[in-house]
Amino acid sequence: MRPAEIEEIIERFATAAAVCETAGFNGVQVQAAHGYLISQFLSPLSNRRDDGWGGDPERRMRFGLEVVRRIRGRVRPGFAVGIKLNSADFQRGGFTEDESQAVLAALAHEGVDLIEVSGGSYESMAMSGSAAPSTRAREAYFLEYARTVRKLVGDIPLAVTGGFRTRDAMQRAVQAGECDVVGIGRPAITTPDAARLILEGQAETLTAHQARYGMRTLLGKITDLKVLDGVLDISWHTDQIHRLGNGLHPDLNRGSLAATLAMVRRTAEARSAPGEAGREPLRLPRSEPALSPSGQAAPPTEHFAVGSDSGACLLPEPG
């Protein structure tokens, strides 16, 4: 990308945040993990630039910091701005824990309201539930890293997502001060009221569904089953998010073939979508009240976000 294109993309991040604010949401989270664009700028594997946007850790983190600054400058002071960051991307020669800690130290001075710790990418899916059985058993894949960065982030709330399944483990992590917020991804997709069940003591354990391919002996000879299952699992959960968005209940019996075909279809649609070249930037008025279906100004409503790497669902907080 040319520098002018980078600046345009930063501006689009800020515009998206302004859209959310105008729509009545109370905050946004910047996705800087899991191999998405900001994560690609952070990683020396994907960022081979040698200009103001790459070449050393300080310049590689510039893009993400500029995104946060531009958003913060566009929205009101009380609008929450969070960020999700990898502890590492778990690839040889990639984004390391030391580099992650340096980014967190810089973010601590940028006025962010929440930092969420995760890890991995679609090439090394530590975030997808494909961890070793011993890691899954102790829950909270990235809690140990969160402990090491507590002092770096100061009083900024720290969230940890990935692996939490039992109410006991969540409670112990928060009470010990290891994190302030527990993130729930996949269980919340198939059990949308998972947070309420845990908080109200109606459930002690959350169920996470994991999709896997059959014919494992045959497939194992020609491909990496861990990667293949990880991609399938993400597609399966993406299908469930689409169902929720359409007002349907999750389909826990959805098979691997249906999920694979849906993934292929979405990929084809994304590749054939018209480009955005020449499109005028969206400019919205500031601080206008949301309108109810009757056309009257709607009362203030709190909002929260639930979701996973497969997507997110922004919902009004239940009364």
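Nonpolar atom fraction for the range 170-225, defined as the carbon and sulfur part of the 1.4 Å probe accessible area, stands at 53 percent. Quick one: plug the Kirkwood hydrodynamic radius of the range 61-103 (C-alpha pairs) into Stokes-Einstein at 4 °C, 1.567 mPa s, and report D in µm²/s. This corresponds to a translational diffusion coefficient of 108 µm²/s.
Legend: residues 48, 70, sorted from most to least accessible area (1.4 Å probe; ligands, DNA and RNA excluded), read 48, 70. Compute the Cα gyration tensor for the range 198-278, then decide on rounded, prolate or oblate, letting a ≥ b ≥ c be the square roots of its eigenvalues: rounded whenever a/c is under 1.5, prolate when a/b is larger than b/c in the other cases, and oblate in all that remain. Oblate shape, in that a/c is at least 1.5 and b/c is the bigger or equal ratio.
Database remark: amide H of residue 30 closer than 5 angstrom to the amide H of 82, 83, 84 (H placed geometrically; neighbours at sequence offset of 5 or more, or on other chains; Pro and chain starts carry no H). When 226, 151, 221, 84 are compared by accessible area at a 1.4 angstrom probe, the order from most to least is 151, 221, 226, 84. Rounded to the nearest whole Hz, the Karplus-based 3J(HN,Hα) values (6.51 cos²θ - 1.76 cosθ + 1.60, θ = phi - 60°) of the range 238-246 follow the sequence 4, 4, 5, 5, 4, 5, 4, x, 8, with x at glycine and proline.
Strictly greater than 24 Å: what percent of every Cα pair in the range 13-112 meets that? Every Cα pair in the range 13-112 considered, those over 24 Å come to 23 percent. Put simply, the C-alpha atoms of the range 145-253 give a gyration tensor, and the ellipsoid matching it has half-axes of 30, 20, 13 Å, longest first.
The spacing between the range 170-218 and the range 220-243, judged by their C-alpha centroids, is 18 Å. Largest first and in whole Å, the equivalent-ellipsoid semi-axes of the range 200-242 read 28, 13, 7, each the square root of five times a Cα gyration tensor eigenvalue. The amide H of residue 205, built 1.01 Å from its N in the peptide plane, has 167 as neighbours under 5 Å, considering only residues 5 or more places off or on other chains. Put 249, 209 in order of accessible area, highest first, and with a 1.4 Å probe you get 249, 209.
The values are calculated or read from the model by the stated rules, or taken from the named source; none is laboratory data. Quick caveat: nothing in here was measured; it's all calculated off a predicted structure. These area figures cover heavy atoms from the full protein model, side chains too; ligands, DNA and RNA do not enter into them. Shrake-Rupley method; radii C 1.70, N 1.55, O 1.52, S 1.80 Å.
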